[in-house]
1. Evaluate the following for Gly89: is it open to solvent by 50 Å² or more (accessible area, probe 1.4 Å), within 21 Å of Lys122 (Cα to Cα) and at pLDDT 95 or above?
2. Is it true that some residue in the stretch 38-47 is among the β-branched types (Val, Ile, Thr), under 15 Å from Phe79 (Cα atoms) and open to solvent by less than 20 Å² (accessible area, probe 1.4 Å)?
3. Test Thr68 against the criterion of being within 17 Å of Met125 (Cβ to Cβ), open to solvent by 60 Å² or more (accessible area, probe 1.4 Å) and of a type in the set (S, T, N, Q), and give yes or no.
4. Contact list please: Cβ distance under 8 Å, first residue in the stretch 74-100 and of a type in the set (Asp, Glu), second residue modelled with pLDDT of 95 or more, pairs at least six apart or on different chains.
5. Residues to consider are Thr63, Thr50; find the one that is touching a Leu at 6+ places or on another chain (Cβ under 9 Å), of a type in the set (Ser, Thr, Tyr) and touching a residue at least 24 places away in the same chain (Cβ under 8 Å).
Amino acid sequence: GDTAAANALDDYEEGTWTAGITGASMSGGSTVGYYTKIGRQVFFQWYSATITISSTSGNAVITGLPFTAANVSQNYGLFTTEHNNSVDGTTTGGFIAVNTTLMKFYDSNSTSPAAYVNGSSKYMMVAGSYFTA
């Protein structure tokens, strides 16, 4: 319908990204996530399928988002998690750290980072969005 140049998308892209974790070791499952980028806004999702978590140490972080988040203070993207028995506490998600490709889990109603839980038959689904530079 609309043919005005001012209303045209300046960038549209779909693709995959490779998820990894820090704060533990992960084996099995899937590392393939999916994204859609519209202008500066990136929408993403990832489902781990059945994974084994071992050697937990430190904060629960997912690595490998497809684009670096904008380096603007107080401009954090958010993500949610469901079907998740891989992270301790009552986490429902977290935020994308500025100027990185990292998702950081935090305990619900807290400023404390969450940690991974060792074991087999672990799962996590994440989805969210953030702005690029």
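The values are calculated or read from the model by the stated rules, or taken from the named source; none is laboratory data. Since the model is a prediction, treat every value here as computed from it, not as a measurement. Heads up, the Cβs are rebuilt from the backbone with ideal geometry, glycines too, and the neighbour counts pull from every protein chain shown. Please note that ligands, DNA and RNA were not included when accessible areas were found on the heavy atoms of the full protein model with its side chains. Shrake-Rupley method; radii C 1.70, N 1.55, O 1.52, S 1.80 Å.
1. When the stated conditions are applied, Gly89 does not pass them.
2. Yes, some residue in the stretch 38-47 is among the β-branched types (Val, Ile, Thr), under 15 Å from Phe79 (Cα atoms) and open to solvent by less than 20 Å² (accessible area, probe 1.4 Å).
3. no
4. Glu82/Met125; Asp88/Ala60; Asp88/Ala114; Asp88/Ala115; Asp88/Tyr116; Asp88/Val117
5. None of the others qualify; the one that does is Thr63.
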